[in-house]
Each structure stands twice: as structure tokens, then as C-alpha cells.
Amino acid sequence: MTTLRPRSIGGRLPAVWFCLLFTGCYWISNAERDERWDLDGDGVERPTDCDDSDPDLSELRTFFRDSDGDGYGDPEDAVDGCEAPEGYVADNTDCRDDDRSIFPTAVEICNTIDDDCDLAVDEDTALIRFYRDGDNDGSGDLDDVIEACVRPDGYVAVGDDCNDGDPYVNPSADEICNGFDDDCDDDIDLDDSSLDPALATWYLDGDGDDFGRDDRVELSCDPPTGYVAAGGDCNDGNGAVNPDADEYCNGSDDDCDEAIDEDAVNATRSYPDEDGDFFGDPDFPVDSCGLPAGNVYNGGDCDDDAPQSNPVALEWCATGEDENCNGYIDEATCIPQPPDETGATAQTGDTGS
């Protein structure tokens, strides 16, 4: 067996043998070399380097969950890796990862929310003016105003109420005769063109029935003496004649509707008598001040086309008809023989031939 010995060079051992013998140096395998080397020269050795062939990819990085897809991640939901997993980003500055409209570069708007994640709410936004609505009529007091993003309770967006202590005074109210500016247009009563003329029109009442003549009127917010608010009196010399009066059978227009004796309270009821038996058809009553032609005052005719049928007629047997209009046909009290074709009553025992 041949033993290899280091050859002396100038009386000294080679440096390699000196390293092996005195400093503990040893040879490493190719596999170990590849694992430990920094092939891309980025200063990070294997296996810590994510990609030892790319100096831009070295140590593991932290990525953050981006649930709302706005490009900004949740700092409380993180993973480590060489590349960002799906749904993760490198940024961790999202303050509301469940709302994609909220992120650090969002525009702050007036909504009581921190839209841009700077821990300030509604900064640098245009606030809205709201006005106190003390009488709850929908219009606010111009002199009682606050600025906010959201309307506070008791405030409205319009400040045009000229009397915020009266719910009947506001720009939407109707002007009436009361000495006040009801609709906040700086005009009062008759000076306001929006005033309904009917509210200031008065009619002369000569008969004291609270209805006046249409041809004698005065325009005023205060009633003149002898004038009333309602017109339409067709006879201002008769207190029983006016639009609110009852109509009577008297040949006059009592209720001023240009009709005479219509629907009179003392009208009588009659019925048409088509068969001339002095009983009329109860299904067609007529109320009138006189008896219309062809009508009678007695109703109750059960067959107004048959003169032998009426409430005072005799009931004949074997006719199949209700001659006396009592609701029964050929009842036990009927007369055995009917009249002949001429209408004459047959005698008992007579065959009628």
C-alpha cells in the first residue's frame, strides 16, 4: 500500500494541508455547494432565496388579504411567500377591506365615513347647510343654521320660513284674510295676488237668510255690514227662498236651482195605471206635485196589463192566476166559475155557453 505524503516545498507544507491539519477545513459536495451558494449575487443564499436566479426575488415577502378588490390589503390578514397568492396584495393600508369604495387614495366625501383611511371623517369636504324647523312644517328658520353632512333631527334643507313658530305660516301655505303674511312673500291679505278672491268676497243679504245677491258684492277681508259670505240667493226679498231651502209644491223655485217643484218635500206618490183598473204598478212610483196623466194614487197592481187583476178583484178558481193580488193562486175562498170571454161573471150552475 502506497502512502501519500505531502511534498515539502521550500521546507514548508502546502497551504492546503496546513488548512486541513490545523484549521479544520474540509471539502463540501456539489449538492451542498448548490444549496449554499448565492448564484444571483443578491446577498441571500439558498434556501432562503426565493429565486436564486433572479436578484429581484430574494427573501420571503408578506402579502395581505384584499377582500374588496380595491388594491389595498387588510393589515390583520397576512401570509408570507415569494409571490402574492390570489386575492392578496403587498399593501396593508386598507381600513375597510369589506368596502371597495374606502381605501387610502379614495376621495373623501361628506357621508360621516373615513373614506380615505386617514383617521379623519369628512375632512376637506363641502358641508351642507341645514335650518332649524321648530314648527315642523317642512320649512326652516334662515337665522338658525348648522353645517353637516347628514341632516340632524329637527332640521331641514330649506331655510325660507318667515315664522318658524307657526306651522300654518310657510312658503307653501295659502294666503288668507288674517292680517298676516301666511305664505312668506312679504304681501299680506288683499295685497297678495295669490289670495283666493272667494275668501274676501261678500254678498248683500237683504232678507237675512245668510245668502246674498250675486249682483251686489264687496271685496274686503272684513265683512261689510249687511253682507254675508255666501251668494246665490235668487229672491233676496224672501227669507224662505235660498240655496239651502227645501223645495215645496208651490209653483216657485224655493232652493234657487232654476227648477220649480222638483223633489219637493211635500210631493205625493202615484203609480202608472196601464190597464185602467184604478190600481197602478208599484214598481214604478212617481213623486210629484200633481197627478201625472195615466197615474193613480193606489199602487199594488200585480198585473197592470190585466184589468181583472188588482187588490179588490175576485179570485176565480181554475184560472192559474192571482186575480186579487194577495200572493196566492186559486186559494180556498176562490169563486168556482170564472167570467166569460166578454168579462161578464157567469152565474152559478151556468155553463157559460
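Only the coordinates and a few stated rules stand behind these numbers; no lab work does. Here the structure is a predicted model, which is why all the values come from computation and not from measurement. So basically every Cβ, Gly included, is an ideal-geometry build from the backbone, and we count neighbours across all protein chains shown.
Set the Cα radius of gyration of segment 260-322 against 2.2 N^0.38 Å, with N its number of residues, and you get 1.30. At full extension, residue 269 and residue 335 could sit 20.4 nm farther apart than now, given 0.36 nm per residue minus the alpha carbon distance.
Taking packing as the residue-averaged number of other Cβ atoms within 10 angstrom, the listed peptides 137-146, 202-211 run from highest to lowest as 202-211, 137-146. Applying 1/(1 + (r/R0)^6) with r as the Cβ-Cβ distance of residue 105 and residue 77 and R0 = 30 angstrom yields a FRET efficiency of 0.90. Computed from phi, the 3J(HN,Hα) profile of segment 258-263 under the Karplus parametrisation 6.51, -1.76, 1.60 (θ = phi - 60°) reads 6, 10, 10, 6, 7, 6 Hz, with x in place of Gly and Pro. Peptides 188-201, 270-283, 241-254 ranked from most to least packed, by the mean per-residue count of other Cβ atoms within 10 Å: 270-283, 241-254, 188-201. Over segment 196-265, the hull volume per residue, using the convex hull of the C-alpha atoms, is 83 Å³.
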